[in-house]
DNA sequence: AAATTAATGCAACAATGTTGCGATTGATAA
DNA sequence: TTATCAATCGCAACATTGTTGCATTAATTT
Ligand SMILES: [Mn+2]
Ligand SMILES: [Mn+2]
Ligand SMILES: [Zn+2]
Ligand SMILES: [Zn+2]
C-alpha cells in the first residue's frame, strides 16, 4: 500500500485550513501560501487530504469549490453530513456542523456521500442590511 | 423591463432538456444540438432559462454542473428544494422530486436557495452490482 | 414594412483543473 | 549517520469550462 508523507507544503496547507473560519478555495489557499509551492502541488495535496479524511470538499451552486478541515473527533470512517452555507453577498462558505438534513430515500439507491449547501445571506451580511 | 424572445436555439435547448430523463451538462446539450448554435449562445440561453425559472442548475461534488427542467406546475415563485442523485458509476444526475430534506437553521441566516445532492450508486448501477 | 433591441456568432480571454516526466526529499532500513 | 527508494514536487503543456466585447442577425411591436 502507498504510504503518505508529511511534507512542508502539506503541513502548510493544513495549517491555513485550520486557521480559517471559513472554507477556502484552491486559489485562496495558494495566495495565502505565498509561493511556498506550486499550484499543482496544492491540488495534489488537497486530493490527498481528502482521501485521508482530514479535509472535505464543498461544491457550491455557482460552481465554486472550497475546502474545509473536518471537525469530527477521531472517527475512522465518516460521512460529511452537515450543511454548508454560502453567502451570496460576501461569498464566504462556512460549515454548519450542527445542521444535518434528514430525508427519506427510495430504497434502490446506495448513498455514499451527501452535499447539502444552502445559500443566501450570512449573519454578518444580514445585519449590514444589504 | 427586458422582454424575452423565443428563438430557435432557445426552443431547441429546452426541447433537449425536456426529452432527457437525466440532468445534462452544457457540453452534453451542445453535442445534442449538433452545431445548431454557438457554445456561448447555449451558456446565455441556460442563464435566461434559469432566470425565467424554467430550468434549474445542479452542482455536483466533483465540480460538474448540470441543468434540468423544472417540473413544478405553474408556481410563480419557487425554491428548488428537492434532492438530486449523482451516480458515481454512470455519472448520471437525476432529480429526486420527492426527496426534500428537512433541517433546522440558526435564526440569523437568510436562506434563498438550497443545493442538496446525494452521490453513490443509482438503481441501474446497483443492480449490475459493480 | 420599418423600427427597435434581444439574441447570436465569433474571437479573444480568464479561471480552474489535469497530466507527464525528470528532479527532489521524507521515511525507513542498513 | 548514510544509503535507498518511492512519495512528492516543479514545471511545462494541455484540457475544459465559463466570460466578455462587439459587430451582425432576427424576433417582436407598431
Ligand atoms: Mn463542512
Ligand atoms: Mn431537479
Ligand atoms: Zn456574507
Ligand atoms: Zn448509475
Self-check item: Modelled FRET efficiency - R0 45 Å, residue B:9 with residue A:11, Cβ distances, 0.05 increments
Solution: 0.30
Quiz item: Label-to-label distances across copies for residue B:63, with labels 7 Å out along Cα→Cβ, in nm, shortest first?
Solution: 1.2
Quiz prompt | Partner chain coverage, peptide A:56-63 - average Cβ within 10 angstrom | solution = 4
Quiz item: Using 7 Å Cα-to-Cβ label points, what is the residue A:27/residue A:102 separation (nm, one decimal)?
Solution: 4.0
Quiz item: For chain A, modelled as a Gaussian network with Cα springs under 10 Å, which listed residue fluctuates most, A:11, A:22, A:117?
Solution: A:11
Self-check item: Shortest-first nm distances, residue B:91 label point to equivalent points in other copies (7 Å, Cα→Cβ)
Solution: 2.7
Quiz item: With chain A treated as a Gaussian network of Cα nodes joined by springs under 10 Å, which of A:89, A:51, A:112 yields the largest mean-square fluctuation?
Solution: A:112
Quiz item: Rounded if a/c is under 1.5, else prolate if a/b is larger than b/c, else oblate: which is chain A, with a ≥ b ≥ c the root eigenvalues of its Cα gyration tensor?
Solution: oblate
Self-check item: Residue-averaged beta-carbon neighbours from other chains (10 angstrom radius) around B:94-101
Solution: 3
Practice problem: Figure the gain on full extension for residue B:53 and residue B:112 (residue separation times 0.36 nm, minus the Cα-Cα span) and round it to one decimal in nm. | Solution: 19.8 nm
Quiz item: What percent do you get for the relative contact order of the stretch A:8-127 when only Cα pairs under 8 Å and 6+ apart count?
Solution: 24
Quiz item: Anyone know which of B:50, B:104, B:58 comes out most mobile in the 10 Å Cα GNM of chain B?
Solution: B:104
Exercise. Specify the inter-centroid distance of the stretch B:87-112 and the stretch B:29-71, based on alpha-carbon positions, in whole Å.
Key: 19
Self-check item: Test item: B:82-88 mean partner chain Cβ contacts at 10 Å
Solution: 3
Exercise. Would you kindly work out, in nm and rounded to one decimal, the distances from the label point of residue B:39 to those of the same position in each other copy, ordered shortest first, with label points 7 Å along Cα-to-Cβ?
Key: 1.7
Practice problem: Check the axis relating chain B to chain A and name the residue of B whose C-beta is nearest, distance in whole Å. | Solution: B:101, 2
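Bear in mind these aren't lab numbers, they're just calculated from the coordinates by the rules spelled out. This one's a predicted model, so the numbers in the text were calculated from it and none came from an experiment. Positions of Cβ are generated from backbone atoms using ideal geometry, with glycine treated the same way; all protein chains shown enter the neighbour counts.
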